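K.L.:
I am attaching a structure below and will ask some questions about it afterwards.
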Amino acid sequence: MPEALHKGEKTFRGIPVSAGVCRGKILVLGRTRPSIGKRHLSEAELAEDVNRLERALVQTRHQILEVQRKVSKGMGAHEGSIFDAHLLVLEDRTLLDEVVRMMQEEKVNAEHAFHTVAERYAATLAAIEDDYLRERATDMRDVTARVLNNLLGLDNEFDLRHLKEPCIIISHDLTPSNTAQLDKLKVLGFATDVGSKTSHTAIMARSMRIPAVVGLKNASEEFETGQYALLDGFNGVVVLNPSDQTLFEYGQIIRKQVTLQEKLRDILLNPAITLDGHRVLLSANIEQASDAEEVKANGAEGVGLFRTEYLFINREHLPDEEEQYQAYRAAARALKPFPVVIRTFDLGGDKFLSHLQVPAEMNPFLGCRAIRFCLQQLDIFRNQLRAILRASAEGNLKMMYPMISGLGELTQANALLEEYKAELRRENIGFDENLETGAMIETPSAALVADSLARRLKFLSIGTNDLIQYSLAVDRMNETIAHLYEPTHPAIVRLIKLTVDAAHHHKIPVSVCGEMASDPVLAPLLLGLGVDELSAAPPLVPPLKFLIRRLKMSEAKQLADFALECESGVEILTRCQELSRRIAPGLFEEK
Ligand code: PEP
Ligand code: MG
């Protein structure tokens with residue numbers, strides 16, 4: 001619902017789908033559809049009309065292929081593949097047979113029958129509470145409009161290729177084909193009544209970096225072409241006739257955002273060094289080999305955690321040794337010379353294989369999870385270890401075991417690793433004889449015996465997500481006790497310190513790859529405790545680097561000293577916030 005703020009100013013709220021703020025004149029694309037008259041046809045006319053329909057379908061197919069080719073070339077294969085769904089509509093025999101049947105039974109013209117049948121399908125899909133199916137309704141309508149235009153001999157209703165001046169597009173809906181035509185230089189932003197975050201139109205807006213808001217309900221009816229508006233793609237807001245005050249406030253926000261993004265871009269390829277010269281390794285967490293591009297684009301120095309279990313879930317069959325080898329090798333190659341740490345798979349807990357019959361457990365997080373599962377499913381583990389070993393021939397791979405709870409599991413896993421190395425030697429298959437092996441510290445027991453582990457390993461990586469859950473006995477998935485999930489709890493601070501000291505005593509590095517590492521408020525505490533490397537989701541790496549380059553290691557150490565003495569998690573958190581906000585206020589601006 002619009003809210004009146006100032007005389008003439010109206011704010012509309014929707015769903016933010018593509019970041020950025022813009023302002024300018026608006027162009028409202030009408031909801032006018034070509035008029036689709038119903039005509040009764042003779043038998044002879046009917047045969048010709050079915051042919052006309054066939055020709056329109058072929059023409060539509062060519063047009064879609066052409067748009068797809070342009071989009072793939074200009075924006076990438078992923079965006080291009082959006083149009084596969086459109087081509088499928090044209091090949092939907094059930095739909096087309098029904099159209100022809102209606103024409104023949106009711107003796108009506110092609111456009112009337114096509115529009116009636118396709119709209120019935122689309123309306124059914126649109127009514128289902130499911131973003132994916134609703135999106136299929138948009139696809140259906142997009143294709144229907146094209147077919148109808150071709151049947152009626154009309155040009156595309158929204159030809160957005162020849163806009164005369166820069167504008168914000170407002171429309172009830174924008175189909176992916178319309179979006180693909182948008183001239184980035186002329187379209188400042190767009191807003192639609194319908195749509196969701198996962199809609200194809202939203203995906204395309206993001207990849208074109210055009211600020212966009214969707215889901216404005218009926219707002220398009222309230223706008224008129226030529227009016228002035230401001231569109232905020234961060235918060236999902238469109239302000240019609242913005243007042244001077246609003247423009248001023250937004251001007252500041254825009255300037256700050258732009259400045260911050262520029263600053264992050266400026267240091268993208270610079271190392272993460274504190275003001276007093278301490279070098280921090282900043283790496284990224286990934287889930288598939290193709291994420292390597294994002295790792296590079298965000299200036300991360302390799303991968304600190306490759307969650308390989310995503311190769312195993314959401315699919316019918318287990319990936320074999322060869323498929324895994326290809327995936328690990330691809331990641332290693334893409335990121336050379338930076339290291340890529342492959343974590344052996346962490347199944348169980350909340351991540352299951354749909355096709356493996358695993359007995360239900362009372363407490364899955366305390367059950368047969370991660371390394372425990374591997375040590376029971378030796379065939380699966382063998383495939384993975386052999387694949388990792390083979391890919392290690394690239395020279396920049398490392399591997400680590402998840403959820404190690406004591407020396408026994410490490411010894412067992414390492415014995416298997418040695419066995420598979422011996423197998424490969426016998427088979428004359430190359431691998432990196434110096435492959436570094438590490439373990440994740442995710443259980444309190446592992447932290448307490450980190451000394452025994454560290455003496456047998458080349459690195460440790462603290463998985464704070466689990467370490468917090470297990471140490472504080474707080475289920476990380478349970479929102480009713482989320483307030484107890486406290487990364488700055490004194491127990492956590494001390495367990496991290498124990499782990500760091502054990503690693504450094506044995507002259508091996510220690511990283512943190514849990515979410516704590518990617519939080520700019522908590523990163524200084526980790527560094528002060530002596531952590532050598534932080535691994536975070538790729539887009540979170542630039543802000544971390546920005547923070548580190550404004551931090552003095554001496555301040556981080558003081559913070560850690562305080563935390564190690566302090567008895568209150570809340571007080572530790574407050575100190576962390578004070579430090580981060582003081583040194584990098586730009587990261588904490590309200591958007
Ligand atoms: C962790 O537990 O902190 C971790 C990085 O592993 P995951 O989140 O995959 O359990
Ligand atoms: Mg974990």
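K.L.:
Please give the number of the condition Lys184 fails out of (1) in a loop (DSSP other than H, G, I, E, B); (2) under 23 Å from Lys10 (Cβ atoms).
P.N.:
(2)
K.L.:
Also: Can you pull out the residues in the range 257-283 that are open to solvent by 80 Å² or more (accessible area, probe 1.4 Å) and in contact with a Lys or Arg (Cβ under 9 Å, 6 or more places away or on another chain)?
P.N.:
Here is the first cut: in the range 257-283, the residues open to solvent by 80 Å² or more (accessible area, probe 1.4 Å) are 261-263, 265-266, 269, 275, 279.
Result: Leu275, single match.
K.L.:
Let me ask something additional. Which of (1) open to solvent by less than 60 Å² (accessible area, probe 1.4 Å); (2) of a type in the set (A, V, I, L, M, F, W, C); (3) within 16 Å of ligand 1 (Cβ to nearest atom) does Ala473 not meet, given it meets every other one?
P.N.:
(1)
K.L.:
I'd like to know if the range 480-497 contains one or more residues that are polar (S, T, N, Q), open to solvent by 10 Å² or more (accessible area, probe 1.4 Å), at pLDDT below 95 and within 28 Å of Gln261 (Cβ to Cβ). Even if it seems obvious, please write down each step before you answer.
P.N.:
Of all residues in the range 480-497, those polar (S, T, N, Q) come to 480, 488.
Subset that is open to solvent by 10 Å² or more (accessible area, probe 1.4 Å): 480.
Subsequent filtering for residues that are at pLDDT below 95 retains 480.
With the extra rule that they be within 28 Å of Gln261 (Cβ to Cβ), the set shrinks to none.
Checked the range 480-497: no residue is polar (S, T, N, Q), open to solvent by 10 Å² or more (accessible area, probe 1.4 Å), at pLDDT below 95 and within 28 Å of Gln261 (Cβ to Cβ).
K.L.:
Mind checking which residues of the range 329-355 are more than 16 Å from ligand 1 (Cβ to nearest atom) and at pLDDT 95 or above?
P.N.:
Our first condition is that a residue be more than 16 Å from ligand 1 (Cβ to nearest atom); within the range 329-355, this holds for 329-339, 354-355.
Result: Arg329, Ala330, Ala331, Ala332, Arg333, Ala334, Leu335, Lys336, Pro337, Phe338, Pro339.
K.L.:
Taking only the range 285-320 into account, find how many residues are within 16 Å of ligand 2 (Cβ to nearest atom) and either within 14 Å of Leu268 (Cα to Cα) or not in a strand (DSSP E or B) (or both). Give the steps one after another, and end with the answer.
P.N.:
Initially, the range 285-320 is screened for residues within 16 Å of ligand 2 (Cβ to nearest atom), giving 285-287, 303-310, 312-313.
Checking which are either within 14 Å of Leu268 (Cα to Cα) or not in a strand (DSSP E or B) (or both) leaves us with 287, 308-310, 312-313.
Total meeting the criteria: 6.
K.L.:
Could you list all residues from the range 527-552 that are within 16 Å of ligand 2 (Cβ to nearest atom) and either in a loop (DSSP other than H, G, I, E, B) or without any contact (Cβ under 8 Å) to a residue 60 or more places away in the chain (or both)?
P.N.:
Ala537
K.L.:
When the range 498-522 is examined, which residues are found to be away from ligand 1 (no atom under 16 Å from the Cβ), farther than 14 Å from Ala454 by Cβ and open to solvent by 20 Å² or more (accessible area, probe 1.4 Å)?
P.N.:
Residues of the range 498-522 that are away from ligand 1 (no atom under 16 Å from the Cβ), as a first pass: 498, 501-509, 520-521.
Filter once more, keeping what is farther than 14 Å from Ala454 by Cβ: 520-521.
Residue satisfying the conditions is Pro520 alone.
K.L.:
Take Leu460 and decide whether it is within 16 Å of ligand 1 (Cβ to nearest atom) and open to solvent by less than 10 Å² (accessible area, probe 1.4 Å).
P.N.:
Yes; evaluated as a whole, the condition is true for this residue.
K.L.:
I'm trying to understand the selection: among the residues of the range 530-581, which are modelled with pLDDT of 95 or more, of a type in the set (Val, Ile, Thr) and surrounded by 23 or more Cβ atoms within 10 Å (Cβ to Cβ)?
P.N.:
Matches in the range 530-581: Val531, Ile548, Ile572.
K.L.:
Determine if the range 427-439 includes at least one residue that is over 28 Å from the mean Cα position of the chain (by Cα) and within 13 Å of ligand 1 (Cβ to nearest atom). Reasoning before the result, please.
P.N.:
Residues of the range 427-439 over 28 Å from the mean Cα position of the chain (by Cα): 427-437.
Applying the additional criterion that residues be within 13 Å of ligand 1 (Cβ to nearest atom) yields none.
For the range 427-439, residues over 28 Å from the mean Cα position of the chain (by Cα) and within 13 Å of ligand 1 (Cβ to nearest atom): absent.
K.L.:
Something else: Among the residues of the range 532-560, count how many are within 15 Å of ligand 1 (Cβ to nearest atom) and either hydroxyl-bearing (Ser, Thr, Tyr) or out of contact with any Leu (no Cβ under 9 Å at 6 or more places or on another chain) (or both). Can you show your working first?
P.N.:
Keep residues of the range 532-560 that are within 15 Å of ligand 1 (Cβ to nearest atom), which gives 533-538, 540.
Next, from what is left, pick out any that are either hydroxyl-bearing (Ser, Thr, Tyr) or out of contact with any Leu (no Cβ under 9 Å at 6 or more places or on another chain) (or both): 535, 537-538, 540.
Residues meeting the conditions: 4.
Rundown of residues vs (1) farther than 22 Å from Leu65 by Cβ; (2) touching a residue at least 12 places away in the same chain (Cβ under 8 Å); (3) part of a helix (DSSP H, G or I), yes/no style:
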residue: Arg120; (1), (2), (3): yes, no, yes
residue: Ala123; (1), (2), (3): yes, yes, yes
residue: Tyr132; (1), (2), (3): yes, yes, yes
residue: Thr144; (1), (2), (3): no, yes, yes
residue: Leu148; (1), (2), (3): no, yes, yes
residue: Leu151; (1), (2), (3): no, yes, yes
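K.L.:
What pairs can you find where one residue is in the range 86-110 and on the phi < 0 side of the Ramachandran plot, the other is surrounded by fewer than 14 Cβ atoms within 10 Å (Cβ to Cβ), and their Cβ atoms are less than 6 Å apart, with a gap of 6+ or different chains?
P.N.:
Short answer, once both residue conditions are applied: Val108/Lys38; Asn109/Arg39.
K.L.:
Let me ask you something else. Given the residues Leu526, Leu540, Leu498, which is the only one that is in contact with a Ser or Thr (Cβ under 8 Å, 6 or more places away or on another chain) and of a type in the set (A, V, I, L, M, F, W, C)?
P.N.:
Numbers: Leu526 fails: in contact with a Ser or Thr (Cβ under 8 Å, 6 or more places away or on another chain); Leu498 fails: in contact with a Ser or Thr (Cβ under 8 Å, 6 or more places away or on another chain).
Selected residue: Leu540, the only one of Leu526, Leu540, Leu498 that is in contact with a Ser or Thr (Cβ under 8 Å, 6 or more places away or on another chain) and of a type in the set (A, V, I, L, M, F, W, C).
K.L.:
Ok, one more. Identify, please: which residue in the range 394-419 is within 28 Å of the chain's Cα centre (by Cα) and on the phi < 0 side of the Ramachandran plot and is, among those, most open to solvent (accessible area, probe 1.4 Å)? Lay out the reasoning, then the answer.
P.N.:
Taking the range 394-419 and keeping what is within 28 Å of the chain's Cα centre (by Cα), we get 394, 396-403.
Still in the running and on the phi < 0 side of the Ramachandran plot: 394, 396-402.
Working: Glu394: 37, Asn396: 13, Leu397: 5, Lys398: 53, Met399: 0, Met400: 0, Tyr401: 0, Pro402: 0 Å².
Going through the qualifying residues, I end up with Lys398.
K.L.:
Given the criterion aliphatic (A, V, I, L, M) and at pLDDT below 85, identify the matching residue among Ala180, Ala229, Ala212, Ala191.
P.N.:
On the way: Ala229 fails: at pLDDT below 85; Ala212 fails: at pLDDT below 85; Ala191 fails: at pLDDT below 85.
Sole residue among the options that is aliphatic (A, V, I, L, M) and at pLDDT below 85: Ala180.
K.L.:
Conditions first: (1) over 29 Å from Asp501 (Cβ atoms); (2) open to solvent by 10 Å² or more (accessible area, probe 1.4 Å). Ala391 passes all but one, so which condition is the exception?
P.N.:
So the condition that Ala391 fails would be (2).
K.L.:
Which number in (1) charged (D, E, K, R); (2) over 14 Å from Val67 (Cβ atoms); (3) modelled with pLDDT under 80; (4) open to solvent by 40 Å² or more (accessible area, probe 1.4 Å) marks the one condition that Glu165 misses?
P.N.:
Condition (3) is where Glu165 drops out.
K.L.:
Can you list the strands (runs of 3 or more DSSP E) found entirely within the range 370-468 that contain at least 2 residues being more than 15 Å from ligand 2 (Cβ to nearest atom)? Before you say what the answer is, go through the steps one by one.
P.N.:
On the way: elements: 397-401, 436-441, 459-462.
Because the criterion is at least 2 residues that are more than 15 Å from ligand 2 (Cβ to nearest atom), the strands (runs of 3 or more DSSP E) in the range 370-468 that meet it are 397-401, 436-441.
The values are calculated or read from the model by the stated rules, or taken from the named source; none is laboratory data. All values derive from a computational prediction rather than experimental measurement. Neighbour counts run over all protein chains shown; Cβ positions are idealised from the backbone, glycine included. Surface areas here come from the heavy atoms of the whole protein model, side chains and all, with no ligands, DNA or RNA. Shrake-Rupley method; radii C 1.70, N 1.55, O 1.52, S 1.80 Å.
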